[in-house]
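For reference, the structure is listed below as C-alpha cells.
The values are calculated or read from the model by the stated rules, or taken from the named source; none is laboratory data. Predicted model, so just to flag it, every value in this text is computed and none were measured. Cβ: placed from backbone, ideal geometry, glycine included. Neighbour counts: every protein chain shown. Protein only, heavy atoms only, side chains kept; ligands, DNA and RNA dropped before computing areas. Shrake-Rupley method; radii C 1.70, N 1.55, O 1.52, S 1.80 Å.
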Amino acid sequence: MATLSLKPGQRFSLPDWHTSSRLTSADAERQRSASHRVRQEARALRNETNNQTKWDEHDNQTRLAERISSVSRWKETLDKCLADIDVEIDVLAKVKEAAERALQAKNLALGVSIECLTLRESRRAIDVVRDPVEEELHREVKVIDKAKRELQQKVSEAFEQLCHLQEARQQLSCDQRHKLEALEIDRVCLSLSVSSPNISLKVNPTRIPSGTTTVDEWEQNSQGNKEHAEAEMKASARLREAAALAIAQTNNELEAQRVATEFALRKRIRDLERAHDELKWQEQNTLEEIAEMEEDIRRLEEDLRRKMQDLKVAHTRLETRTCRPHKELCRDQVQYGLTDEVHQLQGTIRALRQKLVESQDALDALHRQLHRIQTDLGYKANSLVLDNKCMDSRRKLVVPAEKSVPEFDAFNRTTNRELQKGQLEMS
C-alpha cells in the first residue's frame, strides 16, 4: 500500500494560526487608527496654516497700506514745505534786489553831499566858516555811509540766507524723491499676489540691508528736514522784515538828515527842553522797568527755590527706591518717570539760573543807564539854565541903557556858583 509523502517544513498549530490572525487584525486596527490620527492632524495643520497664512498676508497688506499712507502724508507735507520754501526764496530774492537798489540809490545821495561840500570849499575870506550847514553836510555823509554799511550787510545776509534756503530745499527735495521711490516700491509690493508672474524665491530675503534705519530715525529725519526748512523760512522772514525796516529806516534817516541840512538853524533851547523832557520820560520808564525787573527777579528766585525742593523730593524718591529687595529692584515706569522728572527739573533749574543771571545783568544795566540818564539830566538842566541866562542877558540889547540895572557882578557870582555846582554834579 502506497504511503502519502509530507512536504517538509515547519507546521504551526491551530492556536498559533488563530493567534496570528488576531495579531494581524490588531495591527491593522492600530495602523488604521494611527493613519486616522495623522489624517486628522494633517487636516488641522492645513486649516491652521492656511488661516495663519491668510491672516499674516492680511496683516502685512494692512501694514503696507498704512505705510503707504504714512509715507504719502509725509510726502504731502514735504511738498507743501517745498512750495512754501520756493515762495520764501522768491520773496527774499525780491527783498535782496530792493536792498541792492536802495544801496545803489545811496551812491547818488553821497555824490550830491560830497559835491555840495566841494562847492562850499570855494568860499573865501571870512565866509569860510564851520557853520551849521557844513556840520549838517558832514553829518549827512556819515549817515549815508552808515546806511550803505547797513544795507550792504543786509544784502550779504540775504545772500547767505538764500544759500541756506537753497540747502534746506535741496534736503527737502532729496527726501521727497526718496519718499516717492519708496511709495512706488511699496505700491508694487502691495499689488503682488500668488498669481503675479514676477514672484520667485530669493537668496536670504530676511537679511537686514546695510544702512537700514528704524521707524523713529526715519521719522526724525523727515521731521528734522521739515523743521530745518521751517527754521530757515522763519529766519528768512525775520531777515526780510529787518531788511525792509533797514531800507525804510535808512530812507527815513536820510530824509530827516536832508531836512535837517536844508533847515540847519534851530533854536537850542527848544532842543534842550525836548531832550530834557525825553530824559525825564526815560528816567520814569527806567525806574518802572527797574521795579518790574526786581519783582521778576524775586519771582525767579522763588521759582528756583521751589524747583530745588521738587528736585530734592525726586532725588529722595529715587534714592529710597534703591532699597527695594532682590527682584523688586526693577526699572519700572515709576523709575523711568522719576528719572525723567529729575532731568526735567535739572534742565528747568539751569534755565531759571541762566535767566536769573541774565535778569540781574539786565538790572545792573538798567541801574547804569539810570545813572547815565540822571547825569545827563543834570547836564541838560545846567545847559538850560545857562542858555536861559544868555537869553536874559541879550534882553539888554533891546532895553534902554538908563533903565538897565547894573547886576553884572551879582550875575557873575551866581553864574560861577551854578557852574561850580554843575561841575560837582558831573564829577
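Per the listing 160, 150, 167, 181, the residue uniquely acidic (Asp, Glu), open to solvent by less than 80 Å² (accessible area, probe 1.4 Å) and either in contact with a strand residue (DSSP E or B) (Cβ under 8 Å, 6 or more places away or on another chain) or part of a helix (DSSP H, G or I) (or both) is 150. Residues of region 135-168 that are of a type in the set (Gly, Ala, Ser) and under 17 Å from residue 93 (Cβ atoms): 156, 158, 168.
Yes or no, residue by residue, for (1) acidic (Asp, Glu); (2) at pLDDT 90 or above:
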| site | (1), (2) |
| --- | --- |
| 77 | no, yes |
| 86 | yes, yes |
| 89 | no, yes |
| 93 | no, yes |
| 106 | no, no |
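A single member of 191, 113, 196 is within 30 Å of residue 56 (Cβ to Cβ) and modelled with pLDDT under 85, and it is 196. The one condition from (1) open to solvent by 80 Å² or more (accessible area, probe 1.4 Å); (2) at pLDDT below 90; (3) more than 30 Å from residue 166 (Cβ to Cβ) that residue 55 does not meet is (2). Residues in region 298-340 that are hydrophobic (A, V, I, L, M, F, W, C) and either loosely packed, with under 10 Cβ neighbours inside 10 Å or out of contact with any Cys (no Cβ under 9 Å at 6 or more places or on another chain) (or both): 300, 304, 308, 311, 313, 314, 318, 323, 330, 334, 338. For the criterion of being closer than 15 Å to residue 71 by Cβ, β-branched (Val, Ile, Thr) and open to solvent by 40 Å² or more (accessible area, probe 1.4 Å), residue 194 fails. The residue that is farthest from the chain's Cα centre (by Cα), among those in region 99-116 that are open to solvent by 30 Å² or more (accessible area, probe 1.4 Å) and of a type in the set (Gly, Ala, Ser), is 111.
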